[in-house]
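A.B. asks: My structure is below; once you've seen it, I'll send some questions.
The values are calculated or read from the model by the stated rules, or taken from the named source; none is laboratory data. Just so we're clear, the structure is a prediction, and the values are computed from it rather than from any experiment. Cβ atoms come from the backbone with ideal geometry, glycine included; neighbour counts cover every protein chain shown. For accessibility, only protein heavy atoms count, side chains too; no ligands or nucleic acids. Shrake-Rupley method; radii C 1.70, N 1.55, O 1.52, S 1.80 Å.
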Amino acid sequence: MTTTSSSNSTSPFNRKAQHDAKRIAILSEAARLFNSKGSRATTLQDVARGLGLTKTSLYYYVRTKEELIFQCYEVTMQRQHSIMDALDKATLTPLERAGAFFKSQFEGWLSAQTGDDVHIAAPLEIASLKPQHRKAIESEYIRMFKRLRAFLREAMESGEARTVDSTSATRAIIGATDWVFHWLHQLDRSDVLNAADSAWDILLRGLSADGREYRPVPLNINSDNDRPAQGFDREEQHRQKQEAFYKAGTWFFNRKGFNGASLDEIAEHLNVSKGAFYYHIRNKEDLLFACYERSIGIVQRIDTNAMRAEGTGLEKLDETARRVFHVQNSDAGPLIRYNTITALPKERRIEILAATEDADSRFDTLIAEGKLDGSIRDVNSLLARRLMSGAINASMDISLWRAIDDIDSAAIEYFDIFYNGLLPKEPSKESLS
């Protein structure tokens with residue numbers, strides 16, 4: 001019996017193959033636009049135009065933008081699990097599997113840029129999905145998290161890796177890679193794979209220069225953000241009201257995304273009338289922009305104080321990171337998560353990103369200081385900064401992933417991987433005395 005050419009999956013007469021190919025192209029173009037412009041700024045018309053389709057033709061594959069986002073995230077999760085499936089079958093040690101998964105995030109981005117593979121959407125706006133879609137993606141995200149954590153735990157059990165808090169380390173690693181699509185374009189494409197190796201080396205060996213375990217001292221963290229207004233100080237009362245609006249707004253944006261957050265719901269949460277709320281806040285976009293300004297201001301104050309403090313560059317870097325972690329996970333916060341940045345119009349987005357870049361660049365100063373005083377080894381400062389910034393952004397609600405008895409102790413465990421790495425180290429000088 002002969003097989004007709006129409007049964008071949010590559011045949012132009014195979015309708016299913018054609019349908020699947022078109023769907024893949026649509027999801028790739030949508031992922032590219034979501035990563036670059038954000039879901040709010042991307043329309044179905046934009047996706048159709050990028051593929052030379054009519055909007056009507058696109059409707060044959062997807063009916064709404066929310067459904068398109070969900071399908072893109074489904075592909076992302078499928079891709080992550082397929083990578084892990086291959087790693088489970090590979091002849092690699094557990095730590096090598098973790099490293100291969102980490103570096104695959106860089107490799108995937110590069111393959112999409114060169115046209116060798118499809119674009120994959122960063123799952124940064126899961127909170128904006130419908131409940132049933134959000135639950136499905138969150139379930140696969142948690143499964144991915146547990147699989148990566150299992151690599152680390154196996155490496156620790158075998159002695160290949162030092163003992164760390166595996167949940168904190170896994171969250172830090174995933175957070176560090178969440179935003180590679182945002183900054184890898186700053187590198188020449190020929191440098192991306194080397195950057196992946198160098199970034200993983202930072203997580204393997206840490207930033208500490210002396211080859212021994214860096215053990216930070218506890219911080220005394222106080223906040224004056226909630227000081228009571230004095231008497232008839234209307235200016236201070238006004239400031240405290242705005243602070244309450246911005247904190248509540250940040251909380252809702254972080255958990256529900258821009259589209260899911262409601263100004264009426266925020267006003268109800270604060271137990272204020274809509275009239276009083278709208279007297280201070282004109283619209284949702286203004287509130288989001290103000291939340292970003294507030295968060296950047298807090299980080300800038302923390303950076304400035306740390307740079308003035310006594311200590312080595314590594315100690316100052318550690319203090320900065322831990323103080324931001326404290327704000328993220330205490331009543332002083334939260335800080336805005338950058339998952340919503342693309343909800344801002346281009347002009348405001350550029351302004352916020354420029355201010356954020358200026359604040360983050362202070363990490364470069366501390367890393368350079370650490371290299372000079374011998375506390376930080378010779379690493380790529382841009383990579384170290386990007387990894388830590390991504391992890392800090394992901395540190396909010398660490399209590400959802402692990403028990404928190406003391407915020408500073410949790411921060412020490414969370415950032416330990418950046419200072420001491422995963423590989424076994426010599427005991428600290430203090431422990432030897």
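A.B. asks: Taking into account only those residues within the stretch 65-83 that are farther than 12 Å from residue 23 by Cβ, touching a residue at least 24 places away in the same chain (Cβ under 8 Å) and among the aliphatic types (A, V, I, L, M), which is surrounded by the fewest Cβ atoms within 10 Å (Cβ to Cβ)?
C.D. replies: Residue satisfying both the conditions and the ranking: 77.
A.B. asks: If the requirement is being more than 22 Å from residue 179 (Cβ to Cβ) and either at pLDDT 90 or above or not charged (D, E, K, R) (or both), which of these qualifies: 409, 381, 361, 389?
C.D. replies: Sole residue among the options that is more than 22 Å from residue 179 (Cβ to Cβ) and either at pLDDT 90 or above or not charged (D, E, K, R) (or both): 409.
A.B. asks: Among the residues of the stretch 32-47, write down those that are assigned to a helix (DSSP H, G or I) and either among the β-branched types (Val, Ile, Thr) or on the phi > 0 side of the Ramachandran plot (or both).
C.D. replies: 47, the sole residue that qualifies.
A.B. asks: Keeping to the stretch 222-255, report how many residues are charged (D, E, K, R), surrounded by 17 or more Cβ atoms within 10 Å (Cβ to Cβ) and at pLDDT 85 or above.
C.D. replies: Residues meeting the conditions: 1.
A.B. asks: Working only within the stretch 84-110, note down all residues that are open to solvent by 40 Å² or more (accessible area, probe 1.4 Å) and either touching a residue at least 24 places away in the same chain (Cβ under 8 Å) or closer than 30 Å to residue 40 by Cα (or both).
C.D. replies: Within the stretch 84-110, 93, 103, 107 qualify.
A.B. asks: Of everything in the stretch 16-43 that's over 18 Å from the mean Cα position of the chain (by Cα) and small (Gly, Ala, Ser), which residue is modelled with the lowest pLDDT?
C.D. replies: Only one residue fits best here, namely 17.
A.B. asks: Name the single residue, out of those in the stretch 48-64 being at pLDDT 90 or above and in a helix (DSSP H, G or I), that is least open to solvent (accessible area, probe 1.4 Å).
C.D. replies: 48
A.B. asks: Criterion first (open to solvent by 50 Å² or more (accessible area, probe 1.4 Å) and under 18 Å from the mean Cα position of the chain (by Cα)) does residue 142 satisfy it?
C.D. replies: Yes, satisfied.
A.B. asks: Residue check: is residue 397 on the phi > 0 side of the Ramachandran plot and surrounded by fewer than 22 Cβ atoms within 10 Å (Cβ to Cβ)?
C.D. replies: Against the criterion (on the phi > 0 side of the Ramachandran plot and surrounded by fewer than 22 Cβ atoms within 10 Å (Cβ to Cβ)), residue 397 qualifies.
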